[in-house]
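Participant: Below you'll find the structure I mean.
The values are calculated or read from the model by the stated rules, or taken from the named source; none is laboratory data. Note that the coordinates shown come from a computational prediction; the quantities given were computed from them, not determined experimentally. Heads up, the Cβs are rebuilt from the backbone with ideal geometry, glycines too, and the neighbour counts pull from every protein chain shown. Calculation scope for accessible area: heavy atoms of the full protein, side chains included, ligands and nucleic acids excluded. Shrake-Rupley method; radii C 1.70, N 1.55, O 1.52, S 1.80 Å.
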Amino acid sequence: MVKLVNRLVKLRNWMGTLLMNMNLRRKLFAVFFVASILPLSLLIYFSYTSIRNELRDQSYETMISTTAQINANLQNKLDYYVKISNSLFLDGTLRGYLTHTYNDNRLYLEAYTYFDNLLSSVRISNPDISGITIYTDNHSLPKDNVLIKALDETADKEGFFKALEGTYGNAVFLTQSSGNKQAPTLRLARLLNNYSLNYPYGILSMDIAESDIYSLIAEEDENKSIYIVNSEGNILSSKDKSVLGSPLQELLPDPFPEEGSGKFDSIYKGEQVLVVYDTLNYGWKTVTIVPYNNFAALAKAAAARLMPVALICLLLAVFLIYITAGLFTRRVIALLKMIRRAEREEFTDAPQEMGNDEIGQLSQAFHSMSGRISSLINEVYKKEIAKQEIEMNVLQAQINPHFLYNTLASISSLAIKYEDARIHRMVTDLAKFYRISLNKGKHIISINEEITLTKHYMAIQQTRFAGLLNMHYQIEDNLLPKRIVKLTLQPFVENCINHAIWDDEARLNIIIRGYPDGEDLVLEVIDDGMGMSAGKTAHILEQGNSGGEHSSGYGIANVNRRLKLLFGEGYGVQIFSALGIGTQVSIRIPGSGIPRE
């Protein structure tokens, strides 16, 4: 179920993407086409379904009637054979000859004369009875093994003696004989007994030609299959003689319901069929099988007659849809071309005539809007961009020389006071600092490069303030490739050194931390120095300090102004400080960073 839902979601997404990328004319054509072909398809489908169901119901009623008629005829036929067997069963002379003890040939010949006349007359008057045999256990009566056979185990080659146990003289119909006869037969058998006797004196066996049974269904066995099966489900009669005696379940796998008559759907020889059955008094069933294709073919023919009309309607609809979609989208395409020219700042003075409907009004409104946009671009937008670019360059220029002057002053002081290798280290770190800082004239670098630049700066300051500065970095690795304005962190580190150190022997800890905050990125510079008052932090952000050792305020104010110019008033610098506790600087920029220059 979950896989199906996922596939449906993927299909929906694919269809959505396809429709989004399809041009308007094709979308309209597709919608109109579906709106026209769907009703026609539904009309044909429901016509076909209705006709098929009607034909199915008619076929079902016909099958019920046919099956019931075959059952009635078959019941009469079987009752007739039972009556013949009754006449032999009640024949007192026959019973006397079968139970008499023979001592001379005269009575023996007399008995056989009677047997021959009686049984021959039955066969002559009923040609469908292919044979009549009486089995007897009278050992004194000679057996000719044609009319009279011995009732012993050797005579029961076909194993039907057991089927008569407990029948008490009632007629039983058995499956066809498996002898060497060419024509298939059925068998009627019954015990011969008498109420005056406590045991049966013989068995009557009548072989009935299967053709006599099949004659009852021959006329109906067209475009359908009809089977006569016994109570065990074995086929007794059908058009296909090769299946006689085999179970019907081999051809029709579905079991019959317990009801005596009814219908059900099944599979017969690889195709769907409708099965109707009815049960006789002897446990036999008449089974009629009709393929669905018999009445579905008529339904398809009726539906096919609708196809030419539907096709003509569809072609006409497609033609009208094509023309209508073309007229509708032509003006939309013209309007789209105007928008694309405006995107390239190619504004036209004269609007195209597109009428007064919604598209025409949209064209007029766009022409008016494009005129205003052109004016804004020429008078405001380009001037503002030029102003911001100049201001950015000035602000950047304020930062770079500022640090250079302070650093050179430090190097000069150390050079006078000391004569050791620290001067070499400071100059080396300074060179690395400016190699990153200059960055081939580019103002945008990665956070990783900004951290490296800050580390070179701190190396210089740690040489100056030996043992007083501890630096810690807490930046998530996935933030290092993000791009920011060059020299964003260094002014704040410089401010920590200039303002936070208040005791030459007290160590100063500085933490640089970076983390995502919603859709933004936050960089923090935290120190545990002497802190500042609220008025002083506000002054630094607004315009910076002037002169002296506190001139790093210019760099902080410039960073704040650069960020607000780039991203808007929602971004920039915030300073949180408390005297005697320390200072925390929070720098907020968009989470995606700055695009490449």
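Participant: Given the residues 475, 436, which is the only one that is at pLDDT 80 or above and either open to solvent by less than 20 Å² (accessible area, probe 1.4 Å) or closer than 24 Å to residue 571 by Cβ (or both)?
Facilitator: On the way: 436 fails: at pLDDT 80 or above.
Answer to the check: 475.
Participant: When segment 93-143 is examined, which residues are found to be part of a helix (DSSP H, G or I), out of contact with any Gly (no Cβ under 9 Å at 6 or more places or on another chain), surrounded by 15 or more Cβ atoms within 10 Å (Cβ to Cβ) and of a type in the set (Val, Ile, Thr)?
Facilitator: Listed by number, the list holds a single entry, 122.
Participant: Name the residue that is modelled with the lowest pLDDT, counting only residues in segment 520-535 that are among the acidic types (Asp, Glu) and within 11 Å of residue 496 (Cβ to Cβ). Show your work before the answer.
Facilitator: Step one: filter segment 520-535 for residues among the acidic types (Asp, Glu), giving 520, 524, 527-528.
Going one step further and asking which of them are within 11 Å of residue 496 (Cβ to Cβ), we end up with 527-528.
Details: 527: 90, 528: 87.
Out of the qualifying residues, it is 528.
Participant: Sticking with this structure for a sec: Looking only at segment 255-272, filter to residues that are part of a loop (DSSP other than H, G, I, E, B) and not basic (Lys, Arg); which one of those is farthest from residue 173 (Cα to Cα)?
Facilitator: Narrowing segment 255-272 to residues part of a loop (DSSP other than H, G, I, E, B): 255-260, 269-270.
Then keep just the ones that are not basic (Lys, Arg); that gives 255-260, 270.
Details: 255: 23, 256: 21, 257: 23, 258: 21, 259: 22, 260: 19, 270: 32 Å.
Among them, the one singled out is 270.
Participant: Search segment 313-336 for residues being at pLDDT 75 or above and exposed (fewer than 11 other Cβ atoms within 10 Å of the Cβ), and hand back the single one that is farthest from the chain's Cα centre (by Cα).
Facilitator: Among those residues, the one meeting the criterion is 323.
Participant: Given the criterion in contact (Cβ under 8 Å) with a residue 12 or more places away in the chain and closer than 30 Å to residue 290 by Cβ, identify the matching residue among 119, 94, 98, 78.
Facilitator: Exactly one of 119, 94, 98, 78 is in contact (Cβ under 8 Å) with a residue 12 or more places away in the chain and closer than 30 Å to residue 290 by Cβ, namely 78.
Participant: What tally of residues in segment 223-254 results from selecting those that are closer than 18 Å to residue 173 by Cβ and open to solvent by 20 Å² or more (accessible area, probe 1.4 Å)?
Facilitator: Here the count works out to 8.
Participant: Mind checking which residues of segment 565-597 are at pLDDT below 85 and open to solvent by less than 80 Å² (accessible area, probe 1.4 Å)?
Facilitator: 565, 566, 567, 568, 580, 591, 593, 594
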